[in-house]
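The values are calculated or read from the model by the stated rules, or taken from the named source; none is laboratory data. Predicted model, so just to flag it, every value in this text is computed and none were measured. Cβ placement follows ideal geometry from the backbone for every residue including glycine, while neighbour counts extend to all protein chains displayed. Only protein heavy atoms, including side chains, enter the accessible area calculation; ligands, DNA and RNA are left aside. Shrake-Rupley method; radii C 1.70, N 1.55, O 1.52, S 1.80 Å.
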Amino acid sequence: MIKKQLNEIKDQLPEHVTLVAVSKTKPASDILEAYETGQRIFGENRAQELASKYEALPKDIEWHMIGHLQRNKVKYIAPFVTLIHGVDSFKLLKEINKEAKKNERCIDVLLQFHIAIESSKFGFDSNEVNEMISSPEFQNLSNIRVRGVMGMATFTSDQRQVREEFTDLRKHFEQLKPSFTTDFNVISMGMSGDYEIAISCGSTMVRIGSTIFGKRD
Ligand SMILES: *Cc1c(COP(=O)(O)O)cnc(C)c1O
């Protein structure tokens with residue numbers, strides 16, 4: 001089932017859109033099944049779960065941290081994580097830089113914007129980001145590389161609402177782009193329920209879990 005679902009999604013995605021297979025709560029055997037189809041990018045939302053799956057699974061997997069990350073958990077994933085999607089505060093970014101330095105590496109990150117009307121979701125607003133990136137302290141963070149933006153739309157059947165929110169994120173990306181190098185090229189938006197809309201709004205990276213692996217408990 002996993003292979004069939006995964007192949008169907010891959011067939012639908014335009015070439016410029018990267019698929020993150022969201023394997024949170026799912027066992028290693030499910031991840032291996034997806035791995036056998038050639039999928040190498042997996043996303044998790046808990047630092048410890050991510051670290052133990054990294055230990056147990058093939059080393060050519062690229063692990064993405066997609067969920068809310070607490071500062072005291074950064075150390076568990078800093079040695080190996082490929083991309084951290086949910087950076088939502090300057091403090092967290094500084095902590096990631098510190099742990100990256102300890103591990104003698106540079107960690108790629110995305111800035112999470114709060115685009116939903118739901119208050120339960122995390123993220124910066126554009127004033128906060130502008131203030132952060134114009135500070136000298138930000139310029140000195142040499143062990144992180146900001147690759148783009150990430151956001152989650154409101155959980156609603158109102159497609160117009162979802163489209164508006166994704167369009168907002170796209171605008172944040174366009175506004176920030178001149179402040180970074182050409183490596184700033186990722187717009188992470190779209191999950192099982194809304195990835196088609198996200199792609200039509202300019203997504204370059206979709207995070208899909210339940211459509212591939214089935215419902216989570
Ligand atoms: C769980 C999760 C997803 C995947 O959600 P599905 O609806 O299962 O596709 C995507 N992004 C984030 C941040 C998540 O926590």
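For the stretch 193-217, residues that are small (Gly, Ala, Ser) and more than 8 Å from the ligand (Cβ to nearest atom) total 5. Residues in the stretch 150-198 that are open to solvent by less than 80 Å² (accessible area, probe 1.4 Å), aromatic (Phe, Trp, Tyr) and under 20 Å from residue 88 (Cα atoms): 166, 173, 180, 184.
Working only within the stretch 161-200, note down all residues that are among the hydrophobic types (A, V, I, L, M, F, W, C) and more than 20 Å from residue 86 (Cα to Cα). Before the answer, list the steps.
Here is the first cut: in the stretch 161-200, the ones among the hydrophobic types (A, V, I, L, M, F, W, C) are 162, 166, 169, 173, 176, 180, 184, 186-187, 189, 191, 197-199.
Once the filter is applied, which keeps residues that are among the hydrophobic types (A, V, I, L, M, F, W, C) and more than 20 Å from residue 86 (Cα to Cα), the stretch 161-200 yields only 197.
Screening 49, 55, 8, 44 for residues that are of a type in the set (D, E, K, R) and away from the ligand (no atom under 16 Å from the Cβ) leaves exactly one candidate, 55. Taking the criterion of being touching a residue at least 40 places away in the same chain (Cβ under 8 Å) and exposed (fewer than 14 other Cβ atoms within 10 Å of the Cβ), the only residue of the stretch 94-134 that qualifies is 117. Restricting the first member to the stretch 30-48 and to residues that are within 18 Å of residue 67 (Cβ to Cβ) and modelled with pLDDT of 95 or more, and the second to residues that are open to solvent by 60 Å² or more (accessible area, probe 1.4 Å) and assigned to a loop (DSSP other than H, G, I, E, B), the beta-carbon pairs closer than 8 Å and six or more apart or on different chains are 45/68; 47/70.
Restricting the first member to the stretch 5-22 and to residues that are open to solvent by 70 Å² or more (accessible area, probe 1.4 Å), and the second to residues that are of a type in the set (D, E, K, R), the beta-carbon pairs closer than 9 Å and six or more apart or on different chains are 12/196.
Please work out if residue 88 is open to solvent by 10 Å² or more (accessible area, probe 1.4 Å), under 15 Å from residue 146 (Cα atoms) and modelled with pLDDT of 95 or more. Answer is yes for this residue.
Starting from residues that are of a type in the set (Ser, Thr, Tyr) and within 13 Å of the ligand (Cβ to nearest atom), keep the ones in the stretch 17-31 and report whichever is farthest from residue 7 (Cα to Cα).
Filtering the stretch 17-31 down to residues of a type in the set (Ser, Thr, Tyr) leaves 18, 23, 25, 29.
Next cut, within 13 Å of the ligand (Cβ to nearest atom) only: 23, 25.
Details: 23: 16, 25: 21 Å.
That would be 25.
The one condition from (1) loosely packed, with under 14 Cβ neighbours inside 10 Å; (2) at pLDDT 95 or above that residue 211 does not meet is (1).
Would you be able to say whether some residue in the stretch 85-93 is part of a loop (DSSP other than H, G, I, E, B), under 22 Å from residue 114 (Cα atoms) and not basic (Lys, Arg)? Lay out the reasoning, then the answer.
Taking the stretch 85-93 and keeping what is part of a loop (DSSP other than H, G, I, E, B), we get 88-89.
Those left that are additionally under 22 Å from residue 114 (Cα atoms): 88-89.
From what's left, not basic (Lys, Arg): 88-89.
So far as the stretch 85-93 goes, yes, one or more of its residues are part of a loop (DSSP other than H, G, I, E, B), under 22 Å from residue 114 (Cα atoms) and not basic (Lys, Arg).
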